[in-house]
Amino acid sequence: MRNKLFTLLSLSILTFVVLMSCVSAASFTETFDNSSATGSYTDNSFLGDNGVTWSFIEAQDEDVYGISGNGLMLRDLTTGSKITSNTILGGLSSFSVQLKKGFTGVGDRQVELFINGVSKGNSTAFDDASIHTFTLNDLNIEGNVVIEIRNIQDGNAQIVIDNIIWTDYTAPIIQDKPEEVDECILTGSTGNLKLSIEDFSVEKGYGDDNEWFPLDEVQVEVEVENKGDEKIRNVAIGWGLYNVDTEEWVIDDTESDFNLGDDTKETVYINFKLEDVSDFEDGSDYVFYVWAEGEDNNLDSKPDTCVWASDDISIEIESDFVVLDNFEYSETISCGSTIQIMADVWNIGDSDQDEVSVEVYNKKLGLIKTLEIGDINAFDNEVMNLEFQIPQDAEEGWYALEFTVYDEDNDLYENDYDKDESIFVLLVKIEGGCVVIPKVSISASLISGGMSGEQMVVKATVSNTGTSIKEFSLSATGYTGWASNVALDAETFNLGAGQSKEVLFTFDVNRDASGTQLFDIEVVSEGQLELKQPVQVSITKKAGFLTGNMISEGNWYVWGIGALNVLLILIIIIVAIKVAKK
């Protein structure tokens, strides 16, 4: 007997579901053919179509601005002009009304719809002679309803309304929900715990809002609120992305539980990646569910409470789209070593791809390389492997490596969703073991001079040892101890790769300078010091009477005796000449 009753009950439920799915909403129209409005603004009522009585305030007939037969002209906001139905049975699913500008005065025309005294929306404002239709769908209001239309523009903003159409409420077909959500519904809500989905955002990937691509990294912002005056304990958040067609979770998880104080809110951020590419199907319907359950201290008899929320999700499946994912590499690499970078090359489209390739580029490192990946089936992947030796003379710092994915025709992959291209930038840091090799060389030789107190000319030959044309600026430093000034016959010039230029340095040598001296030739390019080349010169002290090398410190007494002897000899010669004359 029990099995028979169970069978009958199951058949009854099935029959009810089938019948409910076959019910369609009834539609009704008010044509205003029975309107009692006259050519003057009055308050009145009339029995319209479908047995509905309509009452209007500060309204008249359509005058010469009719839409389709009789209509009603509402005056303006200040006069409180409106039309209201009596109680209509059967609820409301959708609503529409035709609108037209009354009279020719300049200004917007606009109405607002109220159902049971609650505003449901405004029509779009207009200021032309065209007929406009104000429509609201998915109202889904159960029970009895009162329809009210108000003119919400002021100042001679007359507006004609006609052909009000509404459909009664039809219960939506109940869609199967995940088991976890059904359990939440069975637990029930105490009314104090509130839950809402505030925002969807794609943190990394190609989607946006609630339109996602496979491999996207998504963040969902959920707000949980305790409206009661007692704490709700052990609030646990569950969530998941559900495939309605297969009735399976694509991804699901739970968040750490927490306590929620009285009259407080908590924002929870749910982060996940759509990494199971093969789980997604083109054309399938997806729903994101989130639910919160806890122990409500407001109630002793039934403390358990659970609430849930959901939103439809669109999974974008392209026909031809290949992307890179899951990069593996060492973020810091030293000069002269080999960097290895691996990544998954994913075909996230539903068509097989042939001869896929990836180009890697960085100008400063001289890196331009094409990696042949080959054929990749739909919703499958291959592995990319890059090995590249970092130049020994690379500058330390961060470098951006650009990876671009191409199809068999060497066309860059881009999606149809918003034309985003399959380009990926990876940052690597080069640090340690770097030897800076100048892109310039200098040789120098003495051309003339070399004596103290005279000019000395040094010829420097500057060579560009790099691979491109560069501008060089020259200067001399470190000479002030032995020369007062220096002049260059060329300070700034351009040299192509492998080219050289001779530059003359003319020094004004100090009178007291002598011996081996040094100075530096500095070469600057693109605002950076490329080379600082030391140069050695020899300076000879200029000879003279009782100066220079003829006199050395500490020998003055020798020179004094010699000078005295010379003087005595001169005196003797003079005396001898005088005696001889006598």
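Quick note: the coordinates plus some simple rules give every number you see, no bench work behind them. It should be emphasised that the depicted structure is a prediction, and the values quoted were computed from it without experimental measurement. Cβ sites come from the backbone with ideal geometry, for glycine too, and all protein chains shown count toward neighbours.
Under 5 Å between amide hydrogens, which residues at least 5 positions from G48 or on another chain qualify, with H placed 1.01 Å from N in the peptide plane?
For G48, the qualifying residues are T53, W54.
Suppose we keep just the alpha-carbon trace of segment 179-315; what are its Rg and Dmax in angstrom?
15.8, 49
Set Lys and Arg Cβ to +1 and Asp and Glu Cβ to -1, take the dipole of the chain about its Cα centre, and tell me which of W291, A543, S473 lies farthest positive.
A543
May I ask you to derive the relative contact order of the chain, considering only C-alpha pairs under 8 Å and at least 6 residues apart, and to give it as an integer percent?
Computed over the chain, the figure is 7 percent.
Taking the chain on its own, what percent of its Cα-Cα pair distances exceed 32 Å?
It works out to 74 percent of all Cα pairs.
Starting from the Kirkwood radius over alpha-carbon pairs of segment 344-415, derive D by Stokes-Einstein at 4 °C in a medium of 1.567 mPa s and give it in µm² s⁻¹.
Translational diffusion coefficient: 96 µm²/s.
Can you work out the Karplus-derived ³J(HN,Hα) for every residue in segment 378-394? Use 6.51 cos²θ - 1.76 cosθ + 1.60 with θ = phi - 60°, whole Hz, and x for glycine or proline.
Using θ = phi - 60°, the values come out as 4, 6, 9, 9, 10, 9, 9, 9, 10, 10, 8, 8, 6, x, 5, 9, 5 Hz.
Over the Cα atoms of segment 373-432, what radius of gyration and what Dmax do you get, in Å?
That works out to 15.5, 44 Å for Rg and Dmax.
Quick one: compute a quarter of the convex hull surface over the Cα atoms of segment 27-167 and quote it in nm².
7.3
Report, largest value first, the span of the C-alpha coordinates of segment 440-539 along each principal axis, in whole Å.
Here the spans come out as 45, 22, 19 Å, largest first.
Going through the DSSP H helices of the chain, which span 27 Å or more along their own axis at the Cα atoms while scoring at least 0.5 as a mean Kyte-Doolittle hydropathy?
Once both thresholds are applied, what remains is 2-22, 556-581.
Ordered by residue, what ³J(HN,Hα) values in Hz, to whole numbers, does segment 415-422 give under the Karplus form 6.51 cos²θ - 1.76 cosθ + 1.60, where θ = phi - 60° and Gly and Pro are x?
Values per residue, Gly and Pro as x: 8, 8, 5, 8, 6, 5, 9, 7 Hz.
Taking amide H atoms as placed 1.01 Å from N in the peptide plane, list the residues 5 or more away in sequence, or in a different chain, whose amide H sits under 5 Å from that of F126.
HN-HN under 5 Å from F126: R109.
First obtain the Kirkwood hydrodynamic radius of segment 375-480 from its Cα pairs, then insert it into the Stokes-Einstein equation at 4 °C and 1.567 mPa s, and state the resulting D in µm² per second as a whole number.
Value of D from the Cα-based Kirkwood radius: 64 µm²/s.
Cα extents of segment 336-386 along the three principal axes, largest first, in whole Å?
Sorted from largest, the Cα extents of segment 336-386 read 41, 16, 14 Å.
Using unit Cβ charges (K, R positive; D, E negative) and no other charged atoms, how large, in debye to the nearest 20, is the dipole of the chain about its Cα centre?
Here the chain has a charge dipole of around 6240 debye.
Rg/Rh for segment 294-407: what does it come to with C-alpha atoms and Rh from Kirkwood?
Using Cα coordinates only, the ratio equals 1.31.
Which of I333, G228, N385 sits closest to the plus end of the dipole of the chain, meaning its Cα is farthest towards the positive end, when Lys and Arg get +1 and Asp and Glu get -1 on the C-beta?
In the chain, that residue is I333.
Using the Karplus curve 6.51 cos²θ - 1.76 cosθ + 1.60 with θ = phi - 60°, work out ³J(HN,Hα) for each residue of segment 465-480 in order, rounded to whole Hz, and write x for Gly and Pro.
Once rounded to whole Hz, the list reads 9, x, 10, 8, 5, 9, 9, 10, 10, 10, 7, 10, 9, x, 10, 5.
Sort 443-453, 218-228 by packing, meaning the average of other beta carbons within 10 Å per residue, with the highest value first.
Answer by packing, highest mean first, reads 218-228, 443-453.
What is the set of long-range amide H partners of N510 at a cut-off below 5 Å, with H atoms built 1.01 Å from backbone N?
G453, A483, S484
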